[in-house]
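See structure below.
The values are calculated or read from the model by the stated rules, or taken from the named source; none is laboratory data. As the structure is a prediction and not an experimental result, all values here were calculated from the model. Cβ atoms come from the backbone with ideal geometry, glycine included; neighbour counts cover every protein chain shown.
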């Protein structure tokens, strides 16, 4: 049961991160293509976005690992 | 790109202060496991952040050279979180698990605070 819980936690966390990162990167590349002069600002925003989006899945991985070891 | 490096440099500076504070706490208080856990968590969190900066640089280079963009290294960051939890679970007598997890998230909180301060100053 612990393994199943861990798999669901990691899977859903990674799914969310994947969708979020995909949206961030695609919009940034689109923005750079439209306005190459705004590249620096867009990349900083992308950097912060990616960092914050990935915080939750990392927590999910850690919780999954703890559940896997205690279950 | 310069802005990203500036953010990273500021993060480094704040983390050194935090690490010094944790080292003092580890040395002079009775909460040794909590502060040791925080130190490990912060180090892994900062490693995560460093990987992100490096991958973003690579991504930028690939974009400007019109090559195929590499991945952003999410798997590596997940693995690093996994490793931090593994360290805390392997040596529970030295590292407090909850403080390792809190330490892992400190760079993200600092990033958020840094951006809020930046926006307040520039409005």
Which numbered condition in (1) touching a helix residue (DSSP H, G or I) at 6+ places or on another chain (Cβ under 6 Å); (2) touching a residue at least 12 places away in the same chain (Cβ under 8 Å); (3) over 29 Å from residue A:37 (Cα atoms); (4) part of a helix (DSSP H, G or I) is the only one that residue B:83 fails?
(1)
When segment B:54-78 is examined, which residues are found to be free of Cβ contacts under 8 Å to residues at least 12 places away in the same chain, facing chain A (nearest Cβ under 8 Å) and either touching a strand residue (DSSP E or B) at 6+ places or on another chain (Cβ under 8 Å) or closer than 17 Å to residue A:57 by Cα (or both)?
B:74, B:78
For segment A:45-62, check the following and say yes or no: at least one residue is within 10 Å of another protein chain (Cβ to nearest Cβ), in contact with a helix residue (DSSP H, G or I) (Cβ under 6 Å, 6 or more places away or on another chain), exposed (fewer than 15 other Cβ atoms within 10 Å of the Cβ) and modelled with pLDDT under 90.
no
Condition check for residue B:95: free of Cβ contacts under 8 Å to residues at least 12 places away in the same chain and either farther than 15 Å from residue B:52 by Cα or in a helix (DSSP H, G or I) (or both):
no
(1) surrounded by 13 or more Cβ atoms within 10 Å (Cβ to Cβ); (2) within 11 Å of chain A (Cβ to nearest Cβ); (3) over 16 Å from the mean Cα position of the chain (by Cα) all hold for residue B:83 apart from (3)
